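Okay, structure first, notes after.
The values are calculated or read from the model by the stated rules, or taken from the named source; none is laboratory data. Keep in mind that this is a model prediction, so the values were computed, not measured. In this analysis, Cβ positions are derived from the backbone assuming ideal geometry, glycine residues included, and neighbour counts consider all displayed protein chains. When the accessible area is computed, the model is the full protein with side chains, heavy atoms only, and any ligands, DNA or RNA have been set aside. Shrake-Rupley method; radii C 1.70, N 1.55, O 1.52, S 1.80 Å.
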Amino acid sequence: MTLMPPTGSLIPVDAPFSAQQESWLAGFIAGIAAAGRRAGAATDAPAATVDVLFGTQTGNSELLAGELVAGARARGLGSTATALDDVTPEKLAAMSHVLVVTSTYGEGELPDNAGLFWDALQSGTAPRLEAVRYAVLGLGDRGYDDFCQAAKLIDTRLEQLGATRLHERLDCDVDFEEPAAAWTAEVLERLAAETGAQGGGAVAEAPEKVRSPWNKRTPYRSRLTTNRLLSAPHSAKEIRHYEFDLGDSGITYEAGDALAVVPLNDPALVEELLKHLGAGDDRGTAELLRTEREIRTPSKELIADLAERAPAGELASVVAHGDRFDLDSWLWGRDVLDLLRDAGTRAPSLAELLPLLRPLQARQYSISSSPLAHPGSVHLTVASVRYDRYEGVASTYLADRVGESGAGVYLQPNPAFGVPADDDAPMVMIGPGTGIAPFRGFLHERAARGAAGRNWLFFGDRHRATDFVYEDELDDLRRRGVLSELDLAFSRDQAEKVYVQTRMRERSRELYAWLEEGAHVYVCGDASRMAKDVEAALLGVVAEQRGRGADDAAEYLADLRRAKRYVRDVY
């Protein structure tokens, strides 16, 4: 525990220090000193410093970290929020009180801004942390097997290194707001009590990011002004362009942010489900299922319940095998109604079923517009999921059922994924399929800003004739000099499949030259395969061009991550 000596004073308002020097000389009072300067009055020194470290993929953990900082300062504690990748194990060892907030993405992986931290923390050279007291807050989705795995890993590793847990870890499901707020209050009260902190409103500062009034519980009802098919009618895919009117919402966004759409279930599926359950006339339950419950994707709880009810059935056999890939393959194209039909007389009743259905969740889509180029509206680029009678909930809601009343939406900021602040910096964008979405916004943003930096896009899909979305726009951006390089990879247009990573390797020399000239690299799209293949290709390009081996290439890429020059928006 780091206590302030009873000096009774702070750094004077006119002290000849920069903010960075003040932080270095007296880090645990810098936040309060800054608040005092803004308020024009001195405050009491903080009782201790709380370092809030966050790992985030979509911004939620960073938002919670800001609220932790504000709450700590309101209780007389010094506090700052820092991304996990900006903290070395040595810096961590010098901290006294640490609160970690992290999400999990992919197959139990650390967020992109936490991977380097985790690599260093689990290495054999990581320092002992006996002087550190800590607590961990995890964000995740119970629908996945690796629920809050990143938080669990960090929590366990900190304990292994000798740190003392000051509060039990909390693993939050998708509706994280209320439990996270309760955990925050408990942790901060415990910290204030054990450090002797004196609460005082004068030291409180508002979090850097303020919650919007529009969220999953109170979405903004936005009018859909454009619903246009981008892919050709005979394409194997259905990719659509949507435009929403932001009206009087006050919603402001940056190129690279995401828009969350609150979908409604297909009334036809609701009716079919209720009819199967013998409750076709229950209008109250019909509305509940249409607006509040997930009836396409079976929950883990429902799967477990059905396997227990019919232990000799096919589903139970797949579950007993314990292979997640086999279970996912078996479930592909099956929804809740399919599983109930398979269970026959052993299926749960309506009353038994409802608690086993997960809440209907908003779907997040990368914004494909720039607020400078398209003020007052936000654009999305979405592939409609249709597989026999199986349909994606939100994608077909957008395509088929958003009427004149519009759709409920709210902003999901993504501060780590945006156009470089330096308009002269080169950009390399890699986004096959609907992964092009944010990069359309990036290009329009740079055009509107008159940015001089060169822009290189790697894009691809199955067939050029049917799947080259935004072709006219990209051609226009090339003619205008906004898009400097465009490499295309249409995988099925030749006997040998060609992907964006193929084009990256073909342009190895030029790509490495752009990196050496300070290019920022962005990747958007599928996390399970594409993003990994692209990273492998990028490592191969660096290794080939530098000629210093795989370890050197990995460190080169790590340096790009640390400099925020290699970032991803993957799902």
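Residues that are of a type in the set (Val, Ile, Thr) and more than 28 Å from the chain's Cα centre (by Cα) were ranked within segment 310-354; the one that is nearest to residue 279 (Cα to Cα) is 345. Only one of these conditions is not met by residue 153: (1) out of contact with any helix residue (DSSP H, G or I) (no Cβ under 8 Å at 6 or more places or on another chain); (2) surrounded by 14 or more Cβ atoms within 10 Å (Cβ to Cβ). Which number is it? So residue 153 meets the others, but not (1). Mind checking whether some residue in segment 233-248 is free of Cβ contacts under 8 Å to residues at least 12 places away in the same chain, under 27 Å from residue 59 (Cβ atoms) and not hydrophobic (A, V, I, L, M, F, W, C)? Scanning segment 233-248 turns up at least one residue that is free of Cβ contacts under 8 Å to residues at least 12 places away in the same chain, under 27 Å from residue 59 (Cβ atoms) and not hydrophobic (A, V, I, L, M, F, W, C). Are any residues in segment 227-247 open to solvent by 20 Å² or more (accessible area, probe 1.4 Å), closer than 17 Å to residue 379 by Cα and part of a loop (DSSP other than H, G, I, E, B), and if so, which ones? Those that are open to solvent by 20 Å² or more (accessible area, probe 1.4 Å), closer than 17 Å to residue 379 by Cα and part of a loop (DSSP other than H, G, I, E, B): 230, 238, 247. Within segment 127-146, being surrounded by 18 or more Cβ atoms within 10 Å (Cβ to Cβ), of a type in the set (Gly, Ala, Ser) and either modelled with pLDDT of 95 or more or within 11 Å of residue 55 (Cα to Cα) (or both) holds for 135, 138.
Kindly evaluate residue 143 against the criterion of being touching a residue at least 12 places away in the same chain (Cβ under 8 Å) and in contact with a Lys or Arg (Cβ under 6 Å, 6 or more places away or on another chain). No.
Flag set for residue 337, criterion: modelled with pLDDT of 95 or more, within 22 Å of residue 393 (Cβ to Cβ) and touching a helix residue (DSSP H, G or I) at 6+ places or on another chain (Cβ under 7 Å). Those residues that are out of contact with any helix residue (DSSP H, G or I) (no Cβ under 9 Å at 6 or more places or on another chain), among the aliphatic types (A, V, I, L, M) and in a loop (DSSP other than H, G, I, E, B), I need them from segment 453-497; list them, please. Residue satisfying the conditions is 495 alone.
Matching residues to (1) farther than 30 Å from residue 439 by Cβ; (2) out of contact with any strand residue (DSSP E or B) (no Cβ under 7 Å at 6 or more places or on another chain); (3) of a type outside the set (Gly, Ala, Ser):
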site: 352; (1), (2), (3): yes, yes, yes
site: 361; (1), (2), (3): no, yes, yes
site: 370; (1), (2), (3): no, yes, no
site: 373; (1), (2), (3): no, yes, no
site: 380; (1), (2), (3): no, no, yes
site: 391; (1), (2), (3): no, yes, yes
site: 401; (1), (2), (3): no, yes, yes
site: 407; (1), (2), (3): no, no, no
